[in-house]
Amino acid sequence: MPRKELGDGRQPYVSPYNVARLYGAIDDKPRALEWLEKAYEEHNPDLIELTREPSFSSLRSDAKFRELAVRIGWST
């Protein structure tokens, strides 16, 4: 059976921010960042918690994460 990815379009809407949190929690940095970008593109209001979300603690040193934080108005 093929592996099903989160948010692959076959399920009801799931916030990209919440998908990013799940990938952050399992330390899948590339996928977490990909889903954070999707959350940014849809102007997800949950991004206000970006720099405080424990699931993203391993991402805080990543340049892409810091750049996203600056784009939404947070400096890291």
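Using a cut-off of 13 Å between beta-carbons, work out the net charge of the residues near H43 (Lys and Arg +1, Asp and Glu -1, H43 not included). All intermediate terms of the calculation are to be shown ahead of the outcome.
Values: positive: K38, R71; negative: E37, E41, E42, D46.
In short, -2.
Between A63 and Q11, what is the FRET efficiency for a Förster distance of 30 Å, r being their Cβ-Cβ separation, to the nearest 0.05? Spell out each step's value before the answer.
Details: r = 32 Å, r/R0 = 1.05.
For R0 = 30 Å, the calculated efficiency reads 0.40.
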Classify the range 9-76 from the C-alpha gyration tensor, please: rounded if a/c falls under 1.5, else prolate or oblate depending on whether a/b exceeds b/c. oblate
Net charge of neighbours whose Cβ lies under 15 Å from the Cβ of R52, counting Lys and Arg as +1 and Asp and Glu as -1: 0
Tell me, what HN-Hα J-couplings in whole Hz come from the Karplus equation 6.51 cos²θ - 1.76 cosθ + 1.60 at θ = phi - 60° for each residue of the range 37-44, using x for Gly and Pro? 4, 5, 4, 5, 4, 9, 6, 5
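Only the coordinates and a few stated rules stand behind these numbers; no lab work does. Keep in mind the model is a prediction, meaning the values are calculated, not measured. FYI the Cβ positions are ideal-geometry reconstructions off the backbone, even for glycines, and counts take in every protein chain you see.
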